[in-house]
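The values are calculated or read from the model by the stated rules, or taken from the named source; none is laboratory data. As the structure is a prediction and not an experimental result, all values here were calculated from the model. FYI the Cβ positions are ideal-geometry reconstructions off the backbone, even for glycines, and counts take in every protein chain you see. Accessible surface is based on the protein model in full, side chains and every heavy atom, while ligands, DNA and RNA are left aside. Shrake-Rupley method; radii C 1.70, N 1.55, O 1.52, S 1.80 Å.
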Amino acid sequence: MRMQTFVNPVIPGLSSDPSVCRAGGDYFLVTSSFEYTPGIPLYHSTDLVNWTLLKNILVRKSQLPLNLNGQPHGGFLGIYAVTIRHHNGTFYIITTNESPAHPPNTGRMGLFVMTTTDIFNGEWSDPLWVPGVQGIDPSLFFEDDGKVYLTITRYPNVPAVEHTFEDDTWGIQMAEIDLTTGALGPMIFLSAGSGGKHPEGPHIYKINAYYYLIIAEGGTEYCHMVCALRATSIYGPYESCPHNPILSNRSLQSPIQGIGHADIIQSVAGDWYLFCHGLRTPSYPNGHILGRETVMTPIEFNADGWPVVRGGHPTITGRLFTSIPVALEFSDQPAAHASGKLPEYFVDEHTGEFMPHWNQLAWGVSIGDNCTVHGGRSISIAGNPTGLSDGPPVAFLGRRQQHLTAAVYVSVSVSPQPGDEAGLVVYQNSKHHYEIFLTNSGDETKVCVRHNVGKLSAVVATSSLIDPTSLRIWIRTDLDNKCYRFGYVADGTNIELAGSDGPFHYLSTEVAGGFVGVFYGIFVKSVSGTEARFDDFEYEW
């Protein structure tokens, strides 16, 4: 097979903690979704390079209860890392919902499993909750004897003192699990990792004579890394790979940093590939805005049976490159195109449901409730008093920003009452976002730009309107100056609002916190329930 070169990330935009499985010639991949709904995006590929968003797995409130109690969105709650596996014709996902438990219960919602036998057209089951487990990053391993094992990262009580390797109340733990009842066997300690902080994201694989334990270490920041351990028994003891970490871009000059949280897959041809996430930093000091994105690299096993990542380079190992030659057949890679333009559909005209790349905050927009569909590219949303800086249920519909150079356009039609707002937002979390919107100041309708940074909020630009009820507005990135710019279209010309530019820095994870990336979205706020119509949303890069 001829060698072809692909470009990372293979799934751009927020797509952290990827997990992958294969069924025949089809590959399926899931990622974290946190407080965004619907939850757990499910991607499909036949070549491992090009991934199509099939659907979201958590499409019903019964599957994704987000009891946020009015808490503002900070990107820390909701659905954490997910694992997907295929076994005997059934697909399984296992994950944790880190939202607060429903009173009178305390703590977090916890760990659950879901299944389907028809991944393309069928629905997923409601969650099977697994009680009494404290931890994150669960995974499933199906043993040849029919037993199934849960591995998980446990942080029962993260202390203020240093962990020691003799402390077996934390780190990577394992228990046998009954997938029909959720019952667990005794929880046993497997490993504290190879020496880095925060050993997490465990996956077990049985390859030839060994059980391999692939984990992340270093924390999901710039020292993130992938480490390997192995044992001849699933119960251990696990020895650390002599060349750990097997993959990390820490302290390297690379456009992709923070490499970690890996899952590996064997292709139809028998080759092995590693999927994990990384982050792209467009500015210095470091600051990433798109979130952690899915990347891929080939992996092989050396003469001693240890995994080695070459990344397409003949001599350098343990590093992830942006462009990697692989022995895979693929005709094109649209995600790597230098430029493009997508006329976005809000709604699938065949199903009448939102397209899967559109997300809300805690089920804040519902077709037939506060959203009216006029066509695939035209919807109206009724506002409520909740604003972007408040807790749910904000009337917001957003899609991931997937490129560092990107712009969005939408036409807004609204007759705002005093205090109403309807427009476009670039949104990191409830305390860090910039928006351009139409509003009524009491005597006239204006278009305004507001910056929200932490506890500070200020309207930085305004302009009166010739037509006070309809306007095409836009947000675009200025990569040279590391900022977002805002404006509107008048007589076919883009008019930028002077003084409206908002620095990337204040929307970066390094400043805003959380585990997510920025979304471009539409929103409405209204005490009186005013509707705003949105038409012809476009995404350019």
Lone qualifier among 487, 419 - being over 29 Å from residue 15 (Cβ atoms), more than 31 Å from the chain's Cα centre (by Cα) and small (Gly, Ala, Ser): 419
Residues of region 451-473 classified as among the β-branched types (Val, Ile, Thr), at pLDDT below 95 and assigned to a strand (DSSP E or B), total: 0
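Which is closer than 30 Å to residue 279 by Cβ, in a loop (DSSP other than H, G, I, E, B) and in contact with an Asp or Glu (Cβ under 8 Å, 6 or more places away or on another chain), of 201, 195, 219?
Values: 201 fails: in a loop (DSSP other than H, G, I, E, B); 219 fails: in contact with an Asp or Glu (Cβ under 8 Å, 6 or more places away or on another chain).
None of the others qualify; the one that does is 195.
Each row is one residue, and each column tells you yes or no for (1) in a strand (DSSP E or B); (2) farther than 17 Å from residue 203 by Cα; (3) touching a strand residue (DSSP E or B) at 6+ places or on another chain (Cβ under 9 Å); (4) in contact (Cβ under 8 Å) with a residue 12 or more places away in the chain.
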{"site": "228", "(1), (2), (3), (4)": "yes, no, yes, yes"}
{"site": "236", "(1), (2), (3), (4)": "no, no, yes, yes"}
{"site": "262", "(1), (2), (3), (4)": "yes, no, yes, yes"}
{"site": "265", "(1), (2), (3), (4)": "yes, no, yes, yes"}
{"site": "279", "(1), (2), (3), (4)": "yes, yes, yes, yes"}
{"site": "315", "(1), (2), (3), (4)": "no, yes, no, no"}
Any hit, region 340-349, residues being closer than 25 Å to residue 428 by Cβ, of a type in the set (Gly, Ala, Ser) and buried (at least 16 other Cβ atoms within 10 Å of the Cβ): no
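Only one of these is in contact (Cβ under 8 Å) with a residue 12 or more places away in the chain and more than 16 Å from residue 264 (Cβ to Cβ): 48, 42. Name it. Talk me through it step by step, then tell me what you get.
Numbers: 48 fails: more than 16 Å from residue 264 (Cβ to Cβ).
Of 48, 42, the one residue that is in contact (Cβ under 8 Å) with a residue 12 or more places away in the chain and more than 16 Å from residue 264 (Cβ to Cβ) is 42.
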Tally of residues being among the aromatic types (Phe, Trp, Tyr) and buried (at least 19 other Cβ atoms within 10 Å of the Cβ) across region 251-273: 1
Strands (runs of 3 or more DSSP E) wholly inside region 317-375 that include at least 1 residues being within 30 Å of residue 250 (Cα to Cα): 323-326
Answer from 488, 427, 434 - the residue that is hydroxyl-bearing (Ser, Thr, Tyr), without any contact (Cβ under 8 Å) to a residue 60 or more places away in the chain and part of a strand (DSSP E or B): 488
Scope region 480-514; condition at pLDDT below 95 and touching a Leu at 6+ places or on another chain (Cβ under 9 Å); matching residues: 490
Given (1) polar (S, T, N, Q); (2) modelled with pLDDT of 90 or more; (3) open to solvent by 70 Å² or more (accessible area, probe 1.4 Å), number of the condition residue 331 does not satisfy: (2)
